Amino acid sequence: MRALRFLSALAAAIAFVHAAHAQKPVFETTRVEGTDNVYVFRYGGHQSMFVVTKDGVIATDPIGLARPQAVQTYIDEIRKVTQAPIRYVVYSHQHFDHIAGGKPFKDLGATFVAHRRAWERLVQMNHPDVVIPDQLVDDRSAITLGGTVLELSFVGRNHSDNSLVMRLPKEKILFAVDFIPLQAVSAFAYNDGYPVEWEESIRKVLAMDWDRLIPGHPFAGGLGNKQHVKELLAYMTELSAAVKDAAYAGKCWNEAEKSVRLPKYAHWANYEQGIATNIRRLCGYWGRGF
């Protein structure tokens, strides 16, 4: 049942993302203002970061699930910036909508990097369109290439149990996928996630030294900042407390889904549908203990 709910919510979320970007070009590549080497590649409603150095390129999520043209477009966009070899591809987490389609990068000689638990899951699932990582990260690691350092940190369980936060310390830029939506209520991120631990992982992100955040989905458009992340944490803690009260009063699931609301966040993208699925997950946590 939870799997069916997840798939339903995921399909709705993908439809929402596509609708939100229907008026935009299918893809675009933008250089992050104030840098000469950090770029955001967007295809549809997914985003990846790539970093250009004198010794090669560090790319992230291929975002090629069921759309191989996106991966070739990604490579073509990198080639418009540099002919330097693509040395690394770093997976944000195990979910296929972000990491599928990487074979063209592998064919170019890239080394694939992911959290150890992501590697364990991917080996078990053996998806034909997902490249198995070559290098593994536990709690912390770093890639140093051409004078650029990219820190890779595991900040705890949230949307998954293997999400990596990627930080460029010199540029003070962060890349974090799915567990930090900007000014949007994710309709599916809570499903099968880890609600209370998620809040702690966000606190760890806030404690890091960074100024701008590149999200994995461009809901609000542009880059995020720490105020955006503080607002997300406030939404999560307030909703969790409200659902906890409802659960202990015996109102989960249906009554809570209809009655619990946080009006001050109603202007966020996907608020009404997203909050209902968030409440459903929290009802499972506070009301049933899972």
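The values are calculated or read from the model by the stated rules, or taken from the named source; none is laboratory data. The model shown is predicted, which means the values in this text are computed figures rather than measured ones. Note that each Cβ is placed from the backbone with ideal geometry, even for glycine, and that neighbours are counted across all protein chains shown. Ligands, DNA and RNA are excluded from the accessible area calculation, which covers all protein heavy atoms including side chains. Shrake-Rupley method; radii C 1.70, N 1.55, O 1.52, S 1.80 Å.
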> So what is the accessible area of the range 232-290 per residue, in Å², with the probe set to 1.4 Å?
Replying inline: 48
>> Could you tell me the extents of the range 88-189's C-alpha atoms along the three principal axes, largest first, rounded to whole Å?
In response: 39, 34, 23
> How high is the relative contact order of the chain, given as a whole-number percent (alpha carbon pairs under 8 Å, six or more residues apart)?
Replying inline: 14
>> Sort Ser153, Ser259 by heavy-atom solvent-accessible area, probe 1.4 angstrom, most to least.
In response: Ser259, Ser153
> Would you list Asp97, Asp211 from the most to the least accessible area, probe 1.4 Å?
Replying inline: Asp211, Asp97
> What residues qualify as long-range amide H neighbours of Gly146, i.e. H under 5 Å apart, gap of 5 or more or another chain, H built at 1.01 Å from N?
Replying inline: Asp55
>> Taking θ = phi - 60°, what integer Hz values does the Karplus form 6.51 cos²θ - 1.76 cosθ + 1.60 yield along the range 80-86, in sequence order, with x for Gly and Pro?
In response: 5, 8, 7, 9, 5, x, 8
> Amide H to amide H under 5 Å from Leu213: which residues, 5+ apart in sequence or cross-chain, H placed 1.01 Å off N in plane?
Replying inline: Leu174, Gly224, Asn225
>> For the chain, what does the helix formula give at 222 nm: sum of -39500 (n - 2.57) over DSSP H segments with n ≥ 4, over the residue count, nearest 500 deg cm²/dmol?
In response: -11500 deg cm²/dmol
>> How large a share of the accessible area of the range 177-241, in percent, is made up of carbon and sulfur atoms when the probe is 1.4 Å and the other protein chains stay in place?
In response: 50
>> I want to check the label-to-label distance for Asp211 and His267. Put each point 7 Å from Cα in the C-beta direction and report it in nm to one decimal.
In response: 2.6
>> Using a 1.4 Å probe on the protein heavy atoms only, what accessible surface does Asp138 show? Give it in Å² to the nearest 10.
In response: 70
> Hey, if you put +1 on the Cβ of every Lys and Arg and -1 on every Asp and Glu Cβ in the chain, which of Pro128, Ser48, Gln273 ends up farthest toward the positive end of that dipole?
Replying inline: Gln273
> Rank Asp36, Asp55 by accessible area, highest first, at a 1.4 Å probe radius?
Replying inline: Asp36, Asp55
> Where nothing but the Cβ of Lys and Arg (+1) and of Asp and Glu (-1) is charged, how large is the charge dipole of the range 206-290 around its Cα centre, in debye to the nearest 20?
Replying inline: 180
> In whole Å and largest first, what semi-axes does the C-alpha gyration tensor of the range 157-202 yield when each eigenvalue is scaled by 5 and square-rooted?
Replying inline: 21, 12, 8
